[in-house]
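Written out below as structure tokens is the structure these notes cover.
Since every read-out is calculated from the coordinates, none of them should be taken as a lab result. If you're wondering where the values come from, they're calculated on a predicted model, not measured in any experiment. Backbone-built Cβ (ideal geometry, glycine too); neighbour counts: all protein chains shown.
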Amino acid sequence: MGYKHGIYGYENPTSLVPSVATGNLVVVVGTAAINNANTPKVNEPILCYSMGEYVENFGAVNDIVNYTLAEAADVFFSKFGVGPVVFINVLDPTIHKKAITDEEVTLVDDIGILADKGAMKDNIVVKNSAGDVTYEKETDYLIGLDSDGNTIISKIDGGSLTTPLKVTYSAIDPSMIDKDDIIGGIDVSTGGKTGFELVEDIFPKFRLIPSIAISPKFSYDSEVAAVMDTKMSLINGVFKGITVTDVPTGTIKKYSDVPKWKNDNNYVNEDQIVCWPKVKLGDKQYHMSTQVAALMCQVDYGNQDIPYESPSNKLFKMDGLVLEDETEVVLDLVRANYLNGNGILTALNFIGGWKAWGNRTACYPSNIDPKDSFIPAKRMFYWNNNRFIQTYWNDLDKPMVPRRIDKIIDSDQVFLDGLKSGGYILGGEIEFRESDNPTTSLLDGIGSFFTYFSPPVPFRAITYTQEYNPSYLETLFG
């Protein structure tokens, strides 16, 4: 530093650090109608904020029965209007396909419709009824899609098509997808990831933490559910999230059978929500897990993305409960509460329309610790964990000195006090306790902070007591 003569200005870093807003991001692993996508994506996490982005990468959403990502896109973007969502499609058109040979197609008003909606337009071969004349694309006909997602063949004016046609093509086959495709893994030769293994790539790629995971239909399988739970319980080695799963309505048709299935299949984790049965809206069926995940995002959005409020007693987008075979399910308050008492979320049409009904995670009733057994409490603990990690990551590898410890304590206490004043927690306090920091740990560069953290539990029951007071009879005599 040279000789100074004058006044010089400097800046010190702010002694308080603002917390990072984590948000709440849903990841969906399943199947998509990528045969009609413009830029089809397979086993790659894609962040979508709108239906347009989804359709560009994963195709139409007309068929939500065979394509589970289409169901999720319909629910999140069209029904609840929430996002973003990360979609991972495991349907690979080079593997999960079938051959359709000499399908007879009749032209009506110069338009023919292929029977299989999974037709891949790039390998369609069109011949005459005898099979001895092959027509030329863009000379005799065009390939397109109608509003229902069907692949259509349109005769070009002056083209030589004559009805009926014989059409040969390949079609994607979602029925070939099994639990191994959803679970995924890592290719030992290439290092490429598939299925739920790709959850690890979401934060490095988008800088967003996947806090909720669903896999409609496939979460019926206990092995899939177990892998979902494992992947979300420790994301990238540090972050935490929850899963929302379903009980199969094709085999479990009575509400009284649901708790046994849940326990027999080990759907009993504190970071898991279990749902039964399915919901319907009009002529469409939806897995309840899809609507629960979207509903939680909607509720969080109204609370500055802080997940302190339960989705229970909030409106679903539905007009009935059904089994897979479309049999109507009727639940009154007593039966719905029976499911709740066994750690199962359902829906109830009691007062104010169809609503989600249940506050408990899957660990209830074997685990009654409020931080684990209440949905919003569990989510708040995970949310606060993820927030703390992101906020103070830059303090790693800096000198462990009192000023840095005080900065973390002071900054985080200000944040916790803000949560309390906003009504998001009942109280919170962070400490750097000597009992948590033995000399051996400090010498090894490990410092431990301890936080008392109390989000509110849901007001799940209200009692109202009345008593007859005979003294009021005196009013009869003026």
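Just a few scattered comments:
- Summarising the label geometry, the points placed 7 Å from Cα in the beta-carbon direction at Thr168 and Glu431 lie 7.8 nm from one another.
- An oblate overall shape is assigned to the chain, the ratio a/c of its alpha-carbon gyration tensor axes (a ≥ b ≥ c) being 1.5 or greater and a/b not exceeding b/c.
- Here r is the Cβ-Cβ distance between Thr94 and Lys4 and R0 is 51 Å; the resulting FRET efficiency, rounded to 0.05, is 0.15.
- Helix-only [θ]222 nm of the chain, DSSP H runs n ≥ 4, -39500 (n - 2.57) each, per residue, nearest 500: -6500 deg cm²/dmol
- Using the Cβ-Cβ distance between Val65 and Thr440 with R0 set to 35 Å, the FRET efficiency works out to roughly 0.05.
- All aspartates and glutamates inside 14 Å of Lys398 as judged from Cα atoms, apart from same-chain residues fewer than 8 positions distant: Asp406, Asp444
- Cα-based helix-to-principal-axis angle, 222-233 vs the chain, degrees rounded to 10: 50 degrees
- In degrees, nearest ten, helix 288-301 long axis to first principal axis of the chain (Cα): 50 degrees
- Residues of region 67-109 with amide N under 16 Å of a point placed 7 Å along Cα→Cβ from Ala115: 98-107
- Between the Cα long axis of helix 402-421 and the first principal axis of the chain there is an angle of about 70°, rounded to the nearest 10.
- Efficiency of FRET between Glu467 and Ile368 - r from beta-carbon atoms, R0 25 angstrom, step 0.05: 0.20
- Proportion of all alpha-carbon pairs of region 97-172 beyond 17 Å (%): 35 percent
- Three-way shape label, region 321-478, alpha-carbon gyration tensor, a/c 1.5: oblate
- Amide proton proximity set for Leu165, modelled H, under 5 Å, gap of 5+: Val105, Thr106, Leu107
- Anisotropy class of region 403-478 from Cα gyration tensor, a/c 1.5 cut: prolate
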